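Novice: First the structure, which I've put down as C-alpha coordinates, then a few questions once you've had a look.
The values are calculated or read from the model by the stated rules, or taken from the named source; none is laboratory data. The structure displayed is predicted, hence computed values, not measured ones. Positions of Cβ are backbone-derived with ideal geometry, glycine not excepted, and every protein chain shown enters the neighbour counts.
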Amino acid sequence: MTSEGVAISVLLTPSDLARFGYFHLHRRIWPISLLLFLIFLTLGFITVLMLALGAIPLSISTLKDYLGFLFLILIWTALLIGSPLLSARQQLKSMPHLKTTIHYRFDSSGILMTGEGFQSQMKWQLINKAFQGKRLLLLYSNQTCAFVIPLRFFKSPTEKEAVEKFLVESTGIQVSSPAVVSRLI
(Lines give C-alpha, C1' and ligand atoms only; values in the text may rest on other atoms or scores of the structure.)
Protein backbone atom coordinates (compact mmCIF):
# COMPACT_ATOMS: atom_id res chain seq x y z
CA MET A 1 0.00 0.00 0.00
CA THR A 2 1.27 3.45 -0.86
CA SER A 3 -0.06 6.86 0.02
CA GLU A 4 -1.66 7.01 -3.45
CA GLY A 5 -3.50 3.69 -3.25
CA VAL A 6 -3.27 -0.07 -3.12
CA ALA A 7 -1.69 -2.20 -5.82
CA ILE A 8 -2.08 -5.98 -6.00
CA SER A 9 -1.41 -8.63 -8.62
CA VAL A 10 -3.93 -11.43 -8.96
CA LEU A 11 -3.77 -14.77 -10.73
CA LEU A 12 -7.29 -16.18 -10.72
CA THR A 13 -7.77 -19.92 -10.42
CA PRO A 14 -10.70 -21.97 -11.71
CA SER A 15 -11.67 -22.37 -8.05
CA ASP A 16 -11.92 -18.58 -7.61
CA LEU A 17 -14.26 -18.29 -10.60
CA ALA A 18 -16.30 -21.30 -9.47
CA ARG A 19 -16.69 -19.75 -5.99
CA PHE A 20 -17.94 -16.56 -7.62
CA GLY A 21 -20.33 -18.64 -9.72
CA TYR A 22 -21.66 -20.50 -6.68
CA PHE A 23 -22.12 -17.28 -4.74
CA HIS A 24 -23.75 -15.46 -7.64
CA LEU A 25 -26.13 -18.33 -8.44
CA HIS A 26 -27.11 -19.14 -4.87
CA ARG A 27 -27.42 -15.50 -3.84
CA ARG A 28 -30.38 -15.29 -6.18
CA ILE A 29 -31.98 -18.73 -5.90
CA TRP A 30 -31.31 -19.95 -2.35
CA PRO A 31 -34.92 -19.30 -1.21
CA ILE A 32 -36.24 -21.39 -4.12
CA SER A 33 -33.67 -24.11 -3.45
CA LEU A 34 -34.56 -24.19 0.23
CA LEU A 35 -38.28 -24.34 -0.52
CA LEU A 36 -37.84 -27.15 -3.05
CA PHE A 37 -35.59 -29.04 -0.66
CA LEU A 38 -38.20 -28.77 2.11
CA ILE A 39 -40.97 -29.87 -0.26
CA PHE A 40 -38.93 -32.85 -1.47
CA LEU A 41 -38.00 -33.74 2.09
CA THR A 42 -41.62 -33.53 3.27
CA LEU A 43 -42.92 -35.57 0.34
CA GLY A 44 -40.21 -38.16 0.90
CA PHE A 45 -41.05 -38.40 4.58
CA ILE A 46 -44.78 -38.76 3.83
CA THR A 47 -44.05 -41.44 1.22
CA VAL A 48 -41.85 -43.46 3.57
CA LEU A 49 -44.44 -43.11 6.33
CA MET A 50 -47.26 -44.23 4.05
CA LEU A 51 -45.19 -47.21 2.84
CA ALA A 52 -44.41 -48.17 6.46
CA LEU A 53 -48.08 -47.92 7.45
CA GLY A 54 -49.18 -49.94 4.42
CA ALA A 55 -51.24 -47.11 2.93
CA ILE A 56 -49.26 -47.43 -0.31
CA PRO A 57 -48.51 -50.94 -1.59
CA LEU A 58 -44.83 -51.60 -2.19
CA SER A 59 -44.67 -52.72 -5.81
CA ILE A 60 -42.76 -52.11 -8.99
CA SER A 61 -45.44 -49.73 -10.30
CA THR A 62 -45.23 -47.66 -7.09
CA LEU A 63 -41.45 -47.43 -7.43
CA LYS A 64 -41.78 -46.40 -11.07
CA ASP A 65 -44.06 -43.55 -10.03
CA TYR A 66 -41.42 -42.23 -7.64
CA LEU A 67 -38.49 -42.61 -10.04
CA GLY A 68 -39.58 -39.43 -11.85
CA PHE A 69 -39.64 -37.61 -8.54
CA LEU A 70 -36.17 -38.92 -7.67
CA PHE A 71 -34.92 -38.01 -11.14
CA LEU A 72 -36.06 -34.39 -10.67
CA ILE A 73 -34.23 -34.17 -7.35
CA LEU A 74 -31.04 -35.53 -8.93
CA ILE A 75 -31.24 -33.16 -11.92
CA TRP A 76 -31.83 -30.14 -9.66
CA THR A 77 -28.89 -31.12 -7.44
CA ALA A 78 -26.62 -31.67 -10.46
CA LEU A 79 -27.53 -28.24 -11.84
CA LEU A 80 -26.87 -26.52 -8.51
CA ILE A 81 -23.48 -28.18 -8.23
CA GLY A 82 -22.41 -28.33 -11.85
CA SER A 83 -23.46 -25.07 -13.48
CA PRO A 84 -20.97 -22.80 -11.64
CA LEU A 85 -18.13 -25.24 -12.39
CA LEU A 86 -19.04 -25.38 -16.07
CA SER A 87 -19.42 -21.61 -16.18
CA ALA A 88 -15.94 -21.11 -14.65
CA ARG A 89 -14.43 -23.44 -17.24
CA GLN A 90 -16.23 -21.63 -20.04
CA GLN A 91 -15.07 -18.22 -18.78
CA LEU A 92 -11.45 -19.35 -18.68
CA LYS A 93 -11.76 -20.82 -22.15
CA SER A 94 -13.45 -17.79 -23.74
CA MET A 95 -11.46 -15.11 -21.87
CA PRO A 96 -7.77 -16.05 -22.03
CA HIS A 97 -6.75 -12.88 -20.17
CA LEU A 98 -8.26 -14.40 -17.00
CA LYS A 99 -5.48 -17.03 -17.07
CA THR A 100 -2.79 -14.36 -16.79
CA THR A 101 -1.75 -12.11 -13.92
CA ILE A 102 -4.11 -9.18 -13.49
CA HIS A 103 -2.73 -6.05 -11.82
CA TYR A 104 -5.21 -3.99 -9.81
CA ARG A 105 -4.64 -0.47 -8.61
CA PHE A 106 -7.18 0.92 -6.15
CA ASP A 107 -7.14 4.62 -5.31
CA SER A 108 -9.57 7.40 -4.51
CA SER A 109 -10.60 7.78 -8.17
CA GLY A 110 -11.42 4.12 -8.78
CA ILE A 111 -10.02 0.83 -9.98
CA LEU A 112 -7.39 0.41 -12.66
CA MET A 113 -7.04 -3.14 -13.97
CA THR A 114 -4.27 -4.08 -16.38
CA GLY A 115 -3.08 -7.36 -17.77
CA GLU A 116 -1.64 -9.00 -20.83
CA GLY A 117 -3.26 -7.18 -23.75
CA PHE A 118 -5.89 -5.20 -21.87
CA GLN A 119 -6.47 -2.26 -19.58
CA SER A 120 -9.67 -1.19 -17.87
CA GLN A 121 -10.52 1.66 -15.56
CA MET A 122 -13.68 2.07 -13.50
CA LYS A 123 -14.73 4.86 -11.19
CA TRP A 124 -15.97 3.89 -7.75
CA GLN A 125 -19.37 5.40 -8.54
CA LEU A 126 -19.99 2.56 -11.00
CA ILE A 127 -19.70 -0.06 -8.24
CA ASN A 128 -23.18 -0.72 -6.87
CA LYS A 129 -22.66 -3.69 -4.51
CA ALA A 130 -19.77 -5.20 -2.61
CA PHE A 131 -19.61 -8.57 -0.85
CA GLN A 132 -16.88 -10.33 1.07
CA GLY A 133 -16.68 -13.96 2.05
CA LYS A 134 -13.89 -15.99 3.58
CA ARG A 135 -11.87 -16.02 0.35
CA LEU A 136 -13.17 -13.43 -2.11
CA LEU A 137 -13.99 -9.76 -2.33
CA LEU A 138 -16.62 -9.11 -5.01
CA LEU A 139 -17.19 -5.63 -6.37
CA TYR A 140 -20.32 -5.62 -8.57
CA SER A 141 -20.69 -3.08 -11.35
CA ASN A 142 -24.12 -4.45 -12.36
CA GLN A 143 -26.38 -7.40 -11.50
CA THR A 144 -24.10 -10.01 -13.09
CA CYS A 145 -20.57 -8.60 -13.48
CA ALA A 146 -18.13 -8.28 -10.62
CA PHE A 147 -14.46 -7.77 -10.00
CA VAL A 148 -13.42 -11.07 -8.39
CA ILE A 149 -10.57 -10.37 -6.00
CA PRO A 150 -9.19 -13.24 -3.94
CA LEU A 151 -8.34 -12.00 -0.44
CA ARG A 152 -5.09 -14.01 -0.46
CA PHE A 153 -3.52 -11.39 -2.73
CA PHE A 154 -3.81 -8.56 -0.24
CA LYS A 155 -0.47 -8.38 1.58
CA SER A 156 -2.14 -7.27 4.80
CA PRO A 157 -5.59 -6.55 6.23
CA THR A 158 -4.70 -2.86 6.01
CA GLU A 159 -4.67 -3.03 2.21
CA LYS A 160 -8.14 -4.57 2.07
CA GLU A 161 -9.41 -1.99 4.56
CA ALA A 162 -7.98 0.80 2.38
CA VAL A 163 -9.90 -0.54 -0.64
CA GLU A 164 -13.08 -0.65 1.45
CA LYS A 165 -12.41 2.91 2.62
CA PHE A 166 -12.07 4.14 -0.98
CA LEU A 167 -15.38 2.44 -1.80
CA VAL A 168 -17.24 3.87 1.20
CA GLU A 169 -15.86 7.40 0.77
CA SER A 170 -16.69 7.48 -2.95
CA THR A 171 -20.07 5.73 -2.97
CA GLY A 172 -21.29 5.18 0.57
CA ILE A 173 -21.53 1.44 -0.18
CA GLN A 174 -20.44 -0.83 2.64
CA VAL A 175 -18.88 -4.21 1.96
CA SER A 176 -21.36 -6.75 3.27
CA SER A 177 -21.10 -10.40 4.13
CA PRO A 178 -24.34 -12.13 3.20
CA ALA A 179 -25.13 -14.52 6.02
CA VAL A 180 -26.78 -17.31 4.09
CA VAL A 181 -24.38 -17.81 1.20
CA SER A 182 -21.17 -16.18 2.45
CA ARG A 183 -19.63 -19.59 3.12
CA LEU A 184 -19.59 -20.13 -0.64
CA ILE A 185 -17.07 -17.38 -1.24
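Novice: Being of a type in the set (A, V, I, L, M) and surrounded by fewer than 13 Cβ atoms within 10 Å (Cβ to Cβ) is the filter here, so list the residues in the range 59-78 that pass it.
Specialist: Start the filter on the range 59-78 by keeping residues that are of a type in the set (A, V, I, L, M), which leaves 60, 63, 67, 70, 72-75, 78.
Of everything in the range 59-78, those that are of a type in the set (A, V, I, L, M) and surrounded by fewer than 13 Cβ atoms within 10 Å (Cβ to Cβ) turn out to be I60, L63, L67, L70, L72, L74, I75, A78.
Novice: Take L49 and decide whether it is within 24 Å of Q143 (Cα to Cα) and either more than 22 Å from the chain's Cα centre (by Cα) or at pLDDT below 90 (or both). Quick ask: steps written out before the conclusion?
Specialist: Values: within 24 Å of Q143 (Cα to Cα): no; either more than 22 Å from the chain's Cα centre (by Cα) or at pLDDT below 90 (or both): yes.
So L49 does not fit the description; no.
Novice: Can you work out which of the residues in the range 117-137 that are more than 17 Å from S170 (Cα to Cα) and surrounded by 11 or more Cβ atoms within 10 Å (Cβ to Cβ) is farthest from the chain's Cα centre (by Cα)?
Specialist: This residue is F118.
Novice: Evaluate the range 36-52: report whether one residue or more is farther than 26 Å from F154 by Cβ, of a type in the set (A, V, I, L, M) and part of a loop (DSSP other than H, G, I, E, B).
Specialist: Within the range 36-52, not a single residue is farther than 26 Å from F154 by Cβ, of a type in the set (A, V, I, L, M) and part of a loop (DSSP other than H, G, I, E, B).
Novice: How do the pairs read when you match residues in the range 47-76 that are over 24 Å from L36 (Cβ atoms) with residues anywhere that are exposed (fewer than 10 other Cβ atoms within 10 Å of the Cβ), using Cβ under 6 Å and keeping only pairs 6 or more apart or on different chains?
Specialist: Nothing qualifies.
Novice: Restricting to the range 16-46, what's the tally of residues that are loosely packed, with under 14 Cβ neighbours inside 10 Å and in contact (Cβ under 8 Å) with a residue 60 or more places away in the chain?
Specialist: The number of residues fulfilling the criteria is 0.
Novice: Same structure, new question: Checking M95 against (1) surrounded by fewer than 17 Cβ atoms within 10 Å (Cβ to Cβ); (2) modelled with pLDDT under 90; (3) among the aliphatic types (A, V, I, L, M); (4) farther than 15 Å from V10 by Cβ, which single condition isn't satisfied?
Specialist: Only one criterion in (1) surrounded by fewer than 17 Cβ atoms within 10 Å (Cβ to Cβ); (2) modelled with pLDDT under 90; (3) among the aliphatic types (A, V, I, L, M); (4) farther than 15 Å from V10 by Cβ is unmet by M95, namely (4).
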